[in-house]
Amino acid sequence: MAGPDRIDAVALAGCLACLGTGLALSATCDGGDSLILFGVAVAMVGVVLYRNGAWATVIPMAIATLALVAGGLYGASVAGCHW
């Protein structure tokens, strides 16, 4: 049975995986792909914080996620990697 602690652990492991993959892809697409993965990592940390009662972090985490993902998509599209 998946309890709340297990869900948080999976989310944090996914966050670390996104950070590692983002660092590995930092030289591709002018860093756009890594920024997208960093945005996903920030979103996962935001979910864990929200689930543990830090509701005041929802809006700042959402803004940071939006900025990272939008910047990554823009950087990758300027580099010619995505359409």
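The values are calculated or read from the model by the stated rules, or taken from the named source; none is laboratory data. Bear in mind the structure is a predicted one, so any value in this text is a computation, not a measurement. All Cβ positions, even for glycine, are placed from backbone atoms using ideal geometry, and neighbour counts span all protein chains on display.
I'm trying to understand the selection: among the residues of the range 35-51, which are modelled with pLDDT under 90 and either under 13 Å from Ile63 (Cα atoms) or in contact with a Cys (Cβ under 6 Å, 6 or more places away or on another chain) (or both)? Scanning the range 35-51 gives no hits.
Cβ separations smaller than 9 Å between residues 6+ apart or across chains give the following pairs from the range 17-44 residues that are free of Cβ contacts under 8 Å to residues at least 60 places away in the same chain to residues that are of a type in the set (Asp, Glu) and part of a helix (DSSP H, G or I): Thr21/Asp33; Gly22/Asp33; Leu25/Asp33; Ser26/Asp33. Within the range 15-32, the set of residues being surrounded by 15 or more Cβ atoms within 10 Å (Cβ to Cβ) and at pLDDT 90 or above comprises Cys15, Cys18, Leu19, Thr21, Gly22.
Would you confirm whether any residue within the range 67-81 is on the phi > 0 side of the Ramachandran plot and at pLDDT below 90?
Within the range 67-81, the subset on the phi > 0 side of the Ramachandran plot is 80.
From what's left, at pLDDT below 90: 80.
Checked the range 67-81: at least one residue is on the phi > 0 side of the Ramachandran plot and at pLDDT below 90.
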